[in-house]
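Structure record follows, encoded as structure tokens.
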């Protein structure tokens, strides 16, 4: 994966060789404050790089100072300088304890506040991240916390020898470091909280003086998908402790093997700079160095700095430069941070972190088209790319596991693998993906998997498969294994961890921290040798033939060496190997993909191209190398891109030509073509020959063009030259050459000048520019058929881009009804789609297509019209059935003599019954005029509701509807019989009606009888709740005739209750006797009834009164309850009374009698709810007429046709 690189770029000398002691770089405004001996205090500002896209290094290496002000106020050595970036203030302190706060006014710095304690000098001072507070610590243990406006918030004398102070990012905690290696935690009010554990910082009994502490402020966000260290402490012995928070009990300890002067996080909190001195084997004494570590403790880079020692270091706000105080100089170094990115076939993939999100944003940017595809990845670790694939490495949910995701150039995942260790290094070639940790190696042959999944195999591929499995893993100190077993992953440590890897289609190189590079052959996975480069390698690459490798070590040393075994370079000892090339301060390199002798190298702010290890003239650039092919180097300005990663622009991509390519272009422009041919012969390359061929074609020099195409083995170019030579018109030759160079407008102009519009049309048609074709055709070229074709193609163009409104216009012009239908359907323009029905002739195939589309959106009538016009009645009927338009289906079937419609309805109804959708089934039977079937189903549902007795009103309505269906069946039968045979006798008709009633159990299943039972049940309860005990008991006695419909227990329980409250104890006794004799009642319930009866009849005698009592009002009732319950008398369904006079009428629907005195202005029959039409003079046994509509089965009146709305209400209740 990508590494960090750094190199020195600028040096500024202090006047009079005054030694610098401290410096600080303002991250927001760019000011640099530096202090030193003799009270030296300066504020500098480098010229900002232009925003025109120029490289940053061009100004950083030789930039001028836009500000250079010396601040006077200190007389002694300035010890500490710190910025308050939010309020644009500078705070400084000297050796005598004098503190000065400086402010900016009209471009100059002036004193704002001065404070001098005169007891001790300041060891350290820090502002909070928001700039509201400052904490000042003195050597004698005094602590002062003040506000930004100069007020003292609190002060405290600590019995400690203080050395450093640090605020937490949220300003709630203060850390105080002592000269004895201790770190104390206090809250923001100065109260002691705890002591930070620094035991692991102790090393071998040496000094434990804490020389550096830094807590990342989090201003650029912290990924929360996994915790990372943000707090760093360091002792002068070089041990660094990285912690996630102040209470982290499992910190990361790093031994830098340096004498450290201080540490500093970069603005993003991803890189920790540790500066001090280190002994180097090649130097006699200690060297000043800066070591860069990741936030997880990985060592990226060590930068050597001239001078006796680095006293202070600070980062630029962008994180791309650091400034260092070294002796009497200020050094600047450019930093190339480790950015995860890759390049594949014109697409760049890069990852970055958005402060507002907890995950990483992965962007796939197609450079030429400018298209971006964004993916968000949690627990992201790295990304690499090669040709048409990229591989993404993420941390898995499981501890110490990783996921390897193979993607294409648009970010679509192809395959994922899970490896049982956390990967740190990643490499990909056209065939292999390699992931390693510090000790484990995982190899995935992803191309082999694609071969196995393919259809074709051969013996050669079978042999390759036997050499290497799809996946293999091994420990770096063990013998390589060609097998893969997740359960046998070695956990042993190594003293020589892996530092970098590189893989090609045949070779795997693994670099280790001691400078050894191991070579493994693929696919055999056999170790072939090792090489030592005397330095920890951090990056390795191989040329296109995998016979030469280049490496960059931790110090920026670049080395090229051969890896050919036959040259005895990679022997086991490594003593006989020789380097082919060596350079310093190199941070990137890229081999040419088509020439093994070409290599591009980034050295500081210059790019060198080496041909046969000889450098060409350098090119000024700091862009990262993407691709090297055809003598052209593509690079991208990653640093500039990440400043606005959401809006990448093409100017960030830079193409450079090699010297050979530039020279050939110059020779072709200035010298003769013969000279160019000679020059290319001496510097042969396919790209140069192709350039010569193109130049020859432009000059119509076909002989030279043919030679050049032959040299670069371009068969199509040779054929093209022959084709041009066969043309006898130079104008046409020029036009064909313009086409070859994709100058289509110029070629079209020449064709038209030659009066060959046909060739211009063919040109535009060949390349699919149908808009130009239409224009040429309308100007007089071609014919109508070609014009229609162009309109169709233009319609296709807009249709593919979902611009359907424009597509409709062109399809309509081309009379392409088929595509027009598709566009109108996608636009949901169903009115226009319906109009097409009238434009098509009868029987046209597209009518069925229109009908199907209209049917899919529920437009039944127009769909039926389309199907009927297409002469497909069956589809029209199926449409009606699908959309539940059964009346239309029946009408169509009748009009076209279709016989199977009723069978279809019945079949559909049976499916509804199987799904327990009884309401839909009943409706289907009714619409199919299967009244007998609907009555049977209604009777079944009514019986089920009656059995539950949860809603007796609903059960009654079901019985009524069942009876009405039977009446409709009989009426239909009589009508059909009369219509079919007017001379048919009444007996024959009666026999037909009786045959329809077969299977209907009238003893227990007569629907009118069921309706009567539930009607009287409800009426008895109404009387009971209204306080009419006589009426309640009278109706309850009528229920004894309905034991087959209602449960006997329910009937006699109601009768016992009403008789008891009405004081008819004899009837009460008879009811209890009946209850106690029922077989369906358990013994426990019988005993309960017996106990109730005993409690009643020990108090009351079982006798009835002779007459009904008047309860405060005169009642017109029968003198005897026995007479009221007479079975041979007509019973009024409105009151349950026996009809004794002539003032009564009969309902014309249910044929039940009604006393006129009990109607009380009612408009509907209380039993069947049919509306009643009164006659002028009531007569005995006169039936009250019914209109064609039924009243609702509720409390309101509804008028309707034969399709009774009561069924819909009922059906919704059933569901």
Quiz item: Which distance in nm do the two modelled labels at residue 157 and residue 526 give, with both placed 7 Å along the Cα-to-Cβ direction?
Solution: 8.0
Quiz item: Per residue Cα convex hull volume for region 585-657, in cubic angstrom?
Solution: 84
Self-check item: Residues residue 584 and residue 665, FRET efficiency given R0 of 30 Å [Cβ-Cβ distance, rounded to 0.05]
Solution: 0.40
Practice problem: Please work out how much length the chain gains when fully extended from residue 1140 to residue 1092, using 0.36 nm per residue of separation minus the C-alpha to C-alpha distance, in nm with one decimal. | Solution: 13.5 nm
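Output needed for region 813-949: three equivalent-ellipsoid semi-axes, defined as square roots of 5 times the C-alpha gyration tensor eigenvalues, in descending order, whole Å.
After scaling each eigenvalue by five and taking roots: 38, 16, 9 Å.
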Quiz item: Once label points are set 7 Å from the Cα along Cα→Cβ at both residue 400 and residue 112, what is their separation, rounded to one decimal in nm?
Solution: 5.3
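Sort 850, 788 so the one with the fewest other Cβ atoms within 10 Å of its own Cβ comes first.
With the fewest neighbours first, 850, 788 line up as 788, 850.
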Exercise. Indicate the gyration tensor shape class of region 562-717 (rounded, prolate or oblate), computed on the Cα atoms with a ≥ b ≥ c the square roots of the eigenvalues: a/c under 1.5 is rounded; otherwise a/b larger than b/c is prolate and the rest oblate.
Key: oblate
Quiz item: Based on the alpha-carbon gyration tensor of region 740-789 and its eigenvalue square roots a ≥ b ≥ c, which shape applies: rounded if a/c is under 1.5, prolate if not and a/b is larger than b/c, or oblate?
Solution: oblate
Practice problem: Just subtract the alpha-carbon distance of residue 897 and residue 818 from 0.36 nm times their residue separation and send over the number in nm, one decimal. | Solution: 25.2 nm
Quiz item: Which shape class, rounded, prolate or oblate, goes with region 805-867 when its Cα gyration tensor gives a ≥ b ≥ c as root eigenvalues, a/c under 1.5 marks rounded, and past that a/b bigger than b/c marks prolate?
Solution: oblate
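Rule-based calculations on the coordinates, nothing more; no lab input. These figures come from a predicted structure and were not determined experimentally. Cβ atoms come from the backbone with ideal geometry, glycine included; neighbour counts cover every protein chain shown.
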